[in-house]
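Right, one structure below, let's go through it.
The values are calculated or read from the model by the stated rules, or taken from the named source; none is laboratory data. Since we're looking at a predicted model, the values are computed, not measured. Quick reminder, even Gly has a Cβ in these numbers, built from the backbone with ideal geometry, and neighbours come from all protein chains shown. Surface accessibility is based on the protein's heavy atoms, side chains included, excluding ligands, DNA and RNA. Shrake-Rupley method; radii C 1.70, N 1.55, O 1.52, S 1.80 Å.
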Amino acid sequence: AFTGTTRPQRLLRAVQERATRGDSESVIAAIDHFCRHQEWAMNVGDEKGFILDSVVSEVSPQTALELGTYCGYSTVRIARLLPPGGHLITLEFNPNYAAVARQVIAWAGLEDMVQVVEGASGDWIPHLREHFGIESFDFVFLDHWKELYLPDIKLLEECGLLRKGTVLLADNVVCPGTPDYLEYVRKSQSYESHYFGSHLEYTRAEDGLEKSVYLG
Ligand SMILES: Nc1ncnc2c1ncn2[C@@H]1O[C@H](Cn2cc(CNC(=O)c3cc([N+](=O)[O-])cc(O)c3O)nn2)[C@@H](O)[C@H]1O
Ligand SMILES: [Mg+2]
């Protein structure tokens, strides 16, 4: 029996045992299998993941940001669809999760397109331009603490990291829910918002993604 391992470590072991190195589809499938048949984990999952894929493919971002890496499942889903030269920065403040995510991303063979940055989103966002030479983001995926969605997009606005047409995609706007964020993006003249209904990962509970285009 495996005592003393964390769920992210057990998820990583499932990837290393079941997925083929360099094959991002098999990494995604291995994590979905683990979460359906072994242990639920808060990855965006396959059903909402399909919606994430379609939005990423439509935007085809050169610069992408993810808030809340966790084990790197959505990081792999996004990075595998980036166009040539595309780059994804993902912020994770839990060092144990970041360590697992780096290995999951490497197993998928996507480490050259992804930068896992350790630290709190609120601390890092003001330094992304100077540190990574980012002008603005084409795409932002929000999946970290739900109370931080709103303050963090306001910070992205203030730091000039959003441009006309930047697409924000937010997970869990129904469950666990992000009421203040939803109200803001749906009421603000600076955003055009659309809700994609789905289900909480690996369950029948309702959840969905909110896509919001920044209008400047
Ligand atoms: N300010 C922050 N900056 C960077 N990373 C952060 C920050 N806050 C949390 N995180 C990280 O997000 C990761 C994942 N995470 C996401 C959440 C919030 N998400 C959820 O709580 C959640 C919860 C459920 N759920 O309860 O069913 C389903 C989901 O899809 C979810 O994303 N908490 N940790 C964790 O590794 C955490 O360290
Ligand atoms: Mg989520």
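Going by a ≥ b ≥ c, the root eigenvalues of the Cα gyration tensor, does region 131-181 fall in the rounded group (a/c under 1.5), the prolate group (a/b larger than b/c) or the oblate group?
On the way: a/c = 2.25, a/b = 1.99, b/c = 1.13.
Prolate, since a/c reaches 1.5 and a/b exceeds b/c.
Project the alpha carbons of region 62-140 onto their principal axes and report the range along each, largest first, in whole Å.
Reported extents, whole Å, longest axis first: 29, 29, 16.
How high is the relative contact order of region 1-74, in percent, counting Cα pairs under 8 Å that sit 6 or more residues apart? Please list the in-between numbers first.
On the way: 34 pairs, mean separation 21.5, N = 74.
RCO, region 1-74: 29 percent.
Calculate how many DSSP beta bridges within region 115-216 are antiparallel, expressed in % of all such bridges and rounded to the nearest 5. Write out the running numbers ahead of the final one.
Working: 13 of 18 bridges.
Of those bridges, close to 70 percent are antiparallel.
Once Lys and Arg get +1 and Asp and Glu get -1 on their Cβ, which of SER24, PHE137, PRO83 lies farthest toward the positive end of the dipole of the chain?
SER24
So what's the net charge close to LEU110: Lys and Arg +1, Asp and Glu -1, counting the other residues with Cβ under 14 Å from its Cβ? Please report the intermediate quantities before stating the final value.
Working: positive: ARG21, ARG77, ARG80, ARG102; negative: ASP23, GLU25, GLU66, GLU111, ASP112.
Once all neighbours under 14 Å are counted, the net charge is -1.
Residues in region 22-55, backbone N under 11 Å from the label point at HIS194 (7 Å along the Cα-to-beta-carbon vector): list them, ranges by number please.
Residues 55 fall inside that zone.
With contacts defined as alpha carbon pairs under 8 Å and 6 or more residues apart, what's the relative contact order of region 74-117 in percent? Write down the numbers at each step before the final one.
Numbers: 42 pairs, mean separation 23.0, N = 44.
Result for region 74-117 is 52 percent.
Would you mind telling me which residue in GLY133, GLY86, GLY160 has the biggest mean-square fluctuation in a Gaussian network model of the chain, where springs connect alpha carbons within a distance under 10 angstrom?
Checking each option, the largest mean-square fluctuation is seen for GLY133.
Between ILE134, ILE105, ILE153, where does the largest GNM mean-square fluctuation fall for the chain, given springs only between Cα atoms within less than 10 Å?
In this elastic network of the chain, the residue with the biggest mean-square fluctuation among ILE134, ILE105, ILE153 is ILE134.
How big is the dipole moment of region 176-216 about its Cα centre under a simple scheme where the beta carbon of each Lys and Arg is +1, that of each Asp and Glu is -1, and everything else is neutral? Debye, nearest 20, please. Please report the intermediate quantities before stating the final value.
Numbers: 4 positive and 7 negative charges, 22 e Å.
About 100 debye.
Under a 1.4 angstrom probe, counting protein chains only, how are PHE34, PHE196 ranked by accessible area, largest first?
Details: PHE34 10, PHE196 60 Å².
Listed by decreasing accessible area, they come as PHE196, PHE34.
In bins 10 Å wide, starting from 0, what share of all Cα pairs of the chain does each bin hold, as a percent?
9, 36, 39, 15, 2, 0
Averaging over every viewing direction, what projected area does the convex hull of the Cα atoms of region 97-179 cover, in nm²? Intermediate results must be reported in sequence, preceding the final value.
Working: hull surface 25.3 nm².
Computed as one quarter of the Cα hull surface, the answer is 6.3 nm².
So with the 1.4 Å probe, I'd like the accessible area per residue for the chain, rounded to whole Å². Intermediate values should be presented prior to the final figure.
Working: 9630 Å² over 216 residues.
For the chain, the solvent-accessible area averages 45 Å² per residue.
Across the chain, how many lysine pairs separated by 8 or more positions, or lying on different chains, have Cα atoms within less than 20 Å?
Close lysine pairs under the 20 Å cut-off: 11.
Can you give the accessible area of LEU209 in Å² (nearest 10), computed on protein heavy atoms with a 1.4 Å probe?
About 0 Å², ignoring ligands and nucleic acids.
Please report the Cα spread of region 142-211 along all three principal axes, rounded to whole Å, starting with the longest.
38, 21, 17 Å, listed from the longest principal axis down.
To the nearest 10 degrees, how steeply does helix 7-18 sit against the main Cα axis of the chain, on a 0 to 90 scale?
So the helix axis and the longest Cα principal axis differ by about 60 degrees.
Within 12 Å, Cβ to Cβ, of VAL167, how many net charges do the neighbouring residues add up to if Lys/Arg are +1 and Asp/Glu are -1? Write out the running numbers ahead of the final one.
Working: positive: ARG163, LYS164, LYS211; negative: GLU58, ASP138, GLU192, GLU210.
Counting the neighbours of VAL167, the net charge comes to -1.
What is the local net charge at HIS131, summed over the other residues whose Cβ is closer than 14 Å to its Cβ (Lys, Arg +1; Asp, Glu -1)? Walk me through the numbers on the way to the answer.
Numbers: positive: ARG129; negative: GLU118, ASP123, GLU130, GLU135.
Net of charged neighbours comes to -3.
Please report the relative contact order for the chain, taking Cα pairs under 8 Å with a sequence separation of at least 6, and give it as a percent rounded to a whole number. Let's see the in-between values first.
Numbers: 421 pairs, mean separation 41.7, N = 216.
Relative contact order for the chain comes out at 19 percent.
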